[in-house]
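Heads up: the structure comes next, in structure tokens.
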Amino acid sequence: MQIEVLGERYQLQDPIGRGGMATIYRGRDLRMDRVVAIKVLREVYSTDPKFVTRFQREAKAASSLQHPNIVQVYDYGQSDGNYFIVMELIEGTDLRRYLRSRGILAVDRAIIIAHDVALGLGAAHRRNIVHRDVKPQNVLVGRDGSIKLTDFGIASVYKDINAERLTTTGMTLGTVQYYAPEQAQGEIVSPAADVYALGIVLYEMLTGRTPFDGDTPVAVAMQHIQDVPMPPSQFNPNIPPALENIIMRCLEKVPEMRFRDGSTLARALETLNDEELASGVPPQSNPGNIMTPMPNSGGSSPQLPQRPITGGGLASSPNNRGSYPYNLVSQSGTVQDNGVGMQPPPKPMSYPPLPGMMGPVDYNNPALYNPQIGGAGSTRPFQRDALAQSGVAKGQRDSRFASIVTILIVLATLLLLGFSIYLAAMLNFLTIPGITPQSPDNTAQWVQVPDLKGKTLTDAQSVAASSNLKVKVIQGPPTGVVSGQAPEAGAKLRPNSEIQLEMQQPISTVKVPDNLVNGTLDNAMQILKAANIAYVVKDAGNDSTYGPSMVIRTDPAAGQPLQPEQRVTLYVVNQNVVPTVPPQPTPQPTPTVGITPTPTTARPTPTPTMQAKPTPTPKITPTPTTGVTPTVMPTQ
């Protein structure tokens, strides 16, 4: 980028990060004299209204939120066609790179990260903003241990009837591994969708994997909708049952069965006491549940320090109101310095960490207290004995009550499902051997799914319609060809059912012929018709160096591949030039005049249309009729 200063205020320095649609620069606010991060939309997207709208939406959504666990936006705008967002620069990394370097996290550390993200989501949910793209790449981990939520690029306003539904576009903007079932189905989502995504992030921090995975986005989306996730303790026996219950509640298929919003999930994590966390088997290599830094070649490595508790929440830092963008993490797991230098860990405060979350604590200390955590500005500390007498007991009662209610709901659902299946079988809506009454036309109520792979959308719609089925594109460009379908070919569906398609741009094998240029238009049209290639003719004006109706160039050029239904443009010169031919004698009498006209006594033959009587004028004056020019022939 050639521009060095945006809006006569923000000076661009070194690029420190690149994304799919923007580049992140270290910069300086010349007016405030401070170091900032500047996110600039790439030039190729600056003229696309869809990307500009998304970029501006991210800036507006983030700038309207003020919370220690959400990246702070200072300013945003446009300068000379360049759209930019100015944010506070915090050194660190994102949770995705952090997990790659550290592997599975200790239970206490995973709870702190999830709790901080939940607090940030709660602040957004209170303003009716749904993030819709919660994933490790959008959770930032500062060197001081701060946790920040960023990238509100596809956020929406809850209950907004005009909110964009994430169908085809959503599958490309978001990450389908973290989609809620209703989000994968293209419905308008509520804050419960963010809770679902955060539950998957917590699941991944504790197990090193997501609950659902597949070869294609469509396959993963179908798992979110249909499959029950494996309990995380199956992959990590160190996960306490109380924490596993919270995770599994986040992953409920029905939004109403999950925690209502981020704040509700944060409060549920706060109810976990040290006895419940201790019920899990501690790691043998780390009995104190303390973060162990990864060594690097220099003998030291940056690590997330044990953070003190402040009034801003479980893991907030009063000096950090944003941490975007971030530095990259090397293969060895160390944070790249980028010339700023490693920041020393903050000095410990006068009060201890939260029990059960940041390592061993002396519970006999009478001065120990646990801050009431609920967001920025909370100032209600209470003693541990009060927690033991009220909060813990109440949390245990609530947990048991929730378990009983969940069991009853599951039993009722199974009974209702069984009755529905039986009723459908009796009414011939479903075939079950031994239950469904057999009838001669029972098989006629099902149709076989055709194979649509490799077909264009138009052909797929036609083939599906011939089987009395419908199609819906949920991934990829509609102008491409079908690369995946659900259900697969050969499956049985009810008539008028829908087949979900995944499209991709085909690799074209048809190329523009080489023998079009410098030939006539008729010759080019014959060649293209023989190759079954569509074309359009455009006038390139007149040029005396070419003959009539000559093709001087094509678009695309010769040898270039053609996409399906793409037309070749033929640029033709001298389309209106008529070839010169010898004049033919006209059947009408026309006066013949010599090179040097001399008046004679001969009179021209009277023309009935010109005058009623012959004109006895000895001088011959040729008078052209309307639209006709007399032909002057040379004297032999």
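Tabulated results
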read-out: Partner aspartates and glutamates for residue 472 [C-alpha distance under 19 Å; skip if fewer than 8 residues away on the same chain]; value: 164, 182, 187, 451, 459, 488, 498, 502
read-out: In sequence order, calculated HN-Hα J values of the stretch 11-20 (Karplus, 6.51, -1.76, 1.60; Hz; x Gly/Pro); value: 8, 7, 10, 7, x, 10, x, 9, x, x
read-out: Value in Å of the Kirkwood radius, where the stretch 5-88 supplies the Cα pairs that are averaged; value: 13.0
read-out: Packing-based ranking, highest mean first, of 59-72, 251-264, 405-418 given that Cβ atoms within 10 Å are counted; value: 59-72, 251-264, 405-418
read-out: Gain upon complete extension [residue 529, residue 227; 0.36 nm per residue less C-alpha separation]; value: 103.6 nm
read-out: Relative contact order computed over the stretch 5-88 (Cα-Cα under 8 Å; 6+ residues apart), in percent; value: 24
read-out: Over the stretch 462-537, volume per residue of the alpha carbon convex hull, in Å³; value: 135
read-out: Peptides ranked, highest mean first, by Cβ atoms within 10 Å: ranges 137-144, 223-230; value: 137-144, 223-230
read-out: Spatial extent of the stretch 446-504: Rg and Dmax, with the Cα atoms as the point set, Å; value: 10.1, 30
read-out: For the stretch 458-519, size of Cβ-based charge dipole, Lys and Arg +1, Asp and Glu -1, in debye; value: 220
read-out: Entries of 135/492; 135/470; 39/135; 453/538 with Cα pairs more than 31 Å apart; value: 135/492; 135/470; 453/538
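Computed from the coordinates by the stated procedures, all read-outs in this text should not be read as laboratory data. Since the structure is predicted, the reported quantities are computational estimates derived from the model, not experimental observations. We place every Cβ from the backbone using ideal geometry, glycine too, and count neighbours over all the protein chains shown.
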